[in-house]
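Novice: Here it is, the structure in full.
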Amino acid sequence: QVQLVESGGGLVQPGGSLRLSCAHSIRIFSRYVMGWYRQVPGNQRELVATRASGGETTYADSAKGRFNIWRDNAENAVYLEMNNLKPEDTAHYYCNLHLDSLDYWGQGTQVTVSS
């Protein structure tokens, strides 16, 4: 069973940085896409950044130039480095694994950007 466990959220001041981590419980040998999404109550979940097994990355326009996604194969984990955070980045952030036509989600981690 695939499990995703996120960590690294918290409260940060505008302009600060956070690193989110997502560890998955299995070793992956197929093509996959891992990514981060975020959701604010009352809104739809939106894509933040993804990284495919071939190394391709995509970013939401709001994340370009500020966020960086990468994967550590040895640790079975994907990371999201978020810099120059803004109040509008406040949301619950979820890790996603798209594998063999299935989507797996973690429980999420809260990021709050406030002074």
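Novice: Could you check segment 46-84 and list, in sequence order, the residues that are more than 12 Å from the chain's Cα centre (by Cα) and basic (Lys, Arg)?
Specialist: Passing the criteria: 64, 66.
Novice: Quick check, is residue 74 of a type outside the set (Lys, Arg), open to solvent by less than 60 Å² (accessible area, probe 1.4 Å) and free of Cβ contacts under 8 Å to residues at least 60 places away in the same chain?
Specialist: Numbers: of a type outside the set (Lys, Arg): yes; open to solvent by less than 60 Å² (accessible area, probe 1.4 Å): no; free of Cβ contacts under 8 Å to residues at least 60 places away in the same chain: yes.
The answer is no for residue 74.
Novice: So, one more: Considering only segment 15-53, state which residues are assigned to a loop (DSSP other than H, G, I, E, B), under 15 Å from residue 98 (Cα atoms) and open to solvent by less than 60 Å² (accessible area, probe 1.4 Å). Break it down into steps so the answer makes sense when it comes.
Specialist: Restricting attention to segment 15-53, the residues satisfying the condition of being assigned to a loop (DSSP other than H, G, I, E, B) are 15-17, 25-31, 40-45, 53.
Applying the additional criterion that residues be under 15 Å from residue 98 (Cα atoms) yields 25-31, 53.
If the condition is that a residue be assigned to a loop (DSSP other than H, G, I, E, B), under 15 Å from residue 98 (Cα atoms) and open to solvent by less than 60 Å² (accessible area, probe 1.4 Å), then 26, 28, 30, 53 are the ones that fit.
Novice: Then there is this: Of the numbered conditions (1) modelled with pLDDT of 95 or more; (2) touching a Phe, Trp or Tyr at 6+ places or on another chain (Cβ under 6 Å); (3) within 17 Å of residue 4 (Cα to Cα); (4) buried (at least 16 other Cβ atoms within 10 Å of the Cβ), residue 82 satisfies every one except a single condition; which is it?
Specialist: Going through (1) modelled with pLDDT of 95 or more; (2) touching a Phe, Trp or Tyr at 6+ places or on another chain (Cβ under 6 Å); (3) within 17 Å of residue 4 (Cα to Cα); (4) buried (at least 16 other Cβ atoms within 10 Å of the Cβ) one by one, residue 82 breaks only (3).
The values are calculated or read from the model by the stated rules, or taken from the named source; none is laboratory data. Everything numeric here is computed off the predicted structure, so don't read it as measured data. Cβ coordinates were reconstructed from backbone atoms using ideal geometry, including for glycine residues, and neighbour counts include every protein chain displayed. Accessible surface areas use protein heavy atoms only, side chains included; no ligands, DNA or RNA. Shrake-Rupley method; radii C 1.70, N 1.55, O 1.52, S 1.80 Å.
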